[in-house]
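Each remark here refers to the structure printed beneath this line.
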Amino acid sequence: MNSSVADAASFLRNDELVAIPTETVYGLAGNALNAAVVLKIFEAKERPSFDPLIVHIPSKEAALLYAEDVPPVALKLMEAFWPGPLTLVLKKKDCIPDVVTSGLDTVGLRMPNHTMTLALLNNLDFPLAAPSANPFGYISPTTAQHVMDQLDSKIAMVLDGGACKVGVESTIVGFEDGETVIYRLGGLTPEDIRKVAGKVVIRINSSSDPKAPGMLKSHYAPSKPLHIADDLKQLIDANKESKLAVICFGDVVVDDKHAIYNLSPTGDFSEAASNLFAFLRTIDRREDIDVIVAAYLPETNLGFAINDRLERAAVK
Ligand code: TXA
Ligand code: MG
């Protein structure tokens, strides 16, 4: 691990892959304008080619280098939330290779809110394509160590920028026939988007829909079975023969014979989001745990995004 932005820049200029910190999760980055480099990202992650990558840029102005016909509402959203956990799906310009977008004529652009990664992007004369830096389908990494645990041998360097503050991926927003559409729930709440964009439709896509092929039903999944329900007591009871880890939130009482992982005892949604993936990784490594049970969070604030991740992590 290394926290030198200059080293990261030099590897990236040499067409190598570097894991980068962002406020949401760590990304597995390479030169977005070089199709061969982008293919290496897909290989390192074992990611299916139909799942497009997000392109990371250093400024709002840079969006106009890679996207065209940008609607006014997209500009308002950039103004309000960039740098930050918002990806905008916009009509792509030809300079973005088709492998980045899996052949779609749109590109997902995002200006991340992390000092080191912004410095890095400002040092480069190309943007960075970066999916989350985890093997495809597994839990997203929120520390440099998480990345090292799984991708060490496949990348030149992890730029260590500490633990990710937000902890869930960016909210993805696109524009269709004058409508503002949320494709993925994430670090900005639907309410945040609504305040700036006005009417917003939430259309979380499944894998069969080419609009956002990445939204697979099963994703972010630990290797241990995870069950999720509103009624935690009933769920614990139904699994009482197993060695349980219990993921909960807020002021709840759980029998301490179980391993309890309270995402935020005080009911703070931001704290819960920043703990979620790290808790799942920790539990997944524990040999004394067989089954994970989790309670849905209240459907408000970041509760939407956290419940979405839990559902994708759960056994189907
Ligand atoms: O917070 C984040 O967004 C993190 C950090 C690293 O920036 N990145 C991330 O990337 O979550 P990834 O690859 O795990 O998820 C990217 C998703 C794709 O699976 C797809 O659903 C959506 O972004 N996406 C990318 N380009 C798109 C496009 N042109 N149209 C629709 N969806 C797109
Ligand atoms: Mg991902």
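Restricting Lys45, Lys60 to those that are closer than 18 Å to Phe126 by Cβ and charged (D, E, K, R) reduces the list to Lys60.
The sole residue among Lys217, Lys240, Lys195 that is modelled with pLDDT of 95 or more, among the charged types (D, E, K, R) and surrounded by fewer than 15 Cβ atoms within 10 Å (Cβ to Cβ) is Lys195. Listed by first and then second residue, the pairs with beta-carbon distance under 7 Å, at least 6 apart or on different chains, first residue in the range 127-140 and in a loop (DSSP other than H, G, I, E, B), second near ligand 2 (Cβ under 9 Å from one of its atoms) and basic (Lys, Arg), are Pro131/Lys45; Pro131/Arg47; Pro135/Lys45; Phe136/Lys45; Phe136/Arg47. When Val99, Val73, Val107 are checked against the criterion of being part of a helix (DSSP H, G or I), touching a Ser or Thr at 6+ places or on another chain (Cβ under 9 Å) and within 21 Å of Phe42 (Cα to Cα), Val99 stands alone in meeting it.
Restrict the check to the range 19-38 and report whether at least one residue is open to solvent by 70 Å² or more (accessible area, probe 1.4 Å) and free of Cβ contacts under 8 Å to residues at least 24 places away in the same chain. For the range 19-38, residues open to solvent by 70 Å² or more (accessible area, probe 1.4 Å) and free of Cβ contacts under 8 Å to residues at least 24 places away in the same chain: absent.
A quick yes/no check of all residues on (1) open to solvent by less than 10 Å² (accessible area, probe 1.4 Å); (2) within 10 Å of ligand 1 (Cβ to nearest atom); (3) polar (S, T, N, Q):
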| site | (1), (2), (3) |
| --- | --- |
| Lys93 | no, no, no |
| Pro112 | yes, yes, no |
| Leu120 | yes, no, no |
| Phe136 | no, yes, no |
| Asp149 | no, no, no |
| Val158 | yes, no, no |
| Gly178 | no, no, no |
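Listed residues Val315, Val246, Val293; which is over 22 Å from Ile182 (Cα atoms), aliphatic (A, V, I, L, M) and surrounded by fewer than 19 Cβ atoms within 10 Å (Cβ to Cβ)? Steps first, answer last, please.
Values: Val246 fails: surrounded by fewer than 19 Cβ atoms within 10 Å (Cβ to Cβ); Val293 fails: surrounded by fewer than 19 Cβ atoms within 10 Å (Cβ to Cβ).
Checking each option against the conditions leaves just Val315.
Looking across the range 249-268 at every residue that is touching a residue at least 40 places away in the same chain (Cβ under 8 Å) and crowded, with 17+ Cβ neighbours inside 10 Å, the one that is farthest from the chain's Cα centre (by Cα) is identified as Phe249. Among residues of the range 103-126 that are farther than 17 Å from Val5 by Cβ and among the polar types (S, T, N, Q), those with a Cβ under 9 angstrom from a residue that is within 16 Å of ligand 2 (Cβ to nearest atom) and part of a loop (DSSP other than H, G, I, E, B), sequence gap 6+ or separate chain, pair up as Thr106/Pro52.
The values are calculated or read from the model by the stated rules, or taken from the named source; none is laboratory data. Just so you know, these numbers come straight off a predicted model, no measurement behind them. Because the Cβ atoms are built from the backbone with ideal geometry, glycine has one as well, and the counts that use them run over all protein chains shown. To get the accessible areas, we keep the full protein, side chains included, count just its heavy atoms, and leave off ligands, DNA and RNA. Shrake-Rupley method; radii C 1.70, N 1.55, O 1.52, S 1.80 Å.
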